[in-house]
Amino acid sequence: MFRLKHINTIVCNAEIPPIEVNDPDKTYPYPDVFYNVDKPNCKLYVPKGCEEAYRASDLWKDFNIMEMETVIEGRTPAPSPGERETIYDLQGRKLLRAPQKGIYIQNGKKVVK
């Protein structure tokens, strides 16, 4: 099975793990949202004290779950030493720099310019 290796970090600030919605009238989150992500090798940062809830969730349990200290809204944890910030387009292709306008993924978050 092809794995999308480009997504290596996700930050979820929700204290209660979001769940998949299988209702076709709903567009987000949508079914199989992470079907192509290499979950065991993808770091999932969750709020401190919430790791157990994420491990019990069918959607999140297979990720490499790590608790983080309190998050300031709109901020993600700094990359670990030796890691750089990575930027991807919506097709999962790594970009050398952020586009001047459009939508892209930076540090696991959607950015709209």
Complete set of residues in the stretch 90-113 that are under 21 Å from Phe34 (Cβ atoms) and outside any strand (DSSP E or B): Leu90, Gln91, Gly92, Arg93, Asn107, Gly108
Selection count, the stretch 33-46, where residues are in a strand (DSSP E or B) and surrounded by 19 or more Cβ atoms within 10 Å (Cβ to Cβ): 4
Residue satisfying all of: in the stretch 68-113; of a type in the set (A, V, I, L, M, F, W, C) and loosely packed, with under 11 Cβ neighbours inside 10 Å; modelled with the lowest pLDDT among these: Ile72
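The values are calculated or read from the model by the stated rules, or taken from the named source; none is laboratory data. For clarity, every value in this text was computed on a predicted model and none was experimentally measured. Backbone-built Cβ (ideal geometry, glycine too); neighbour counts: all protein chains shown.
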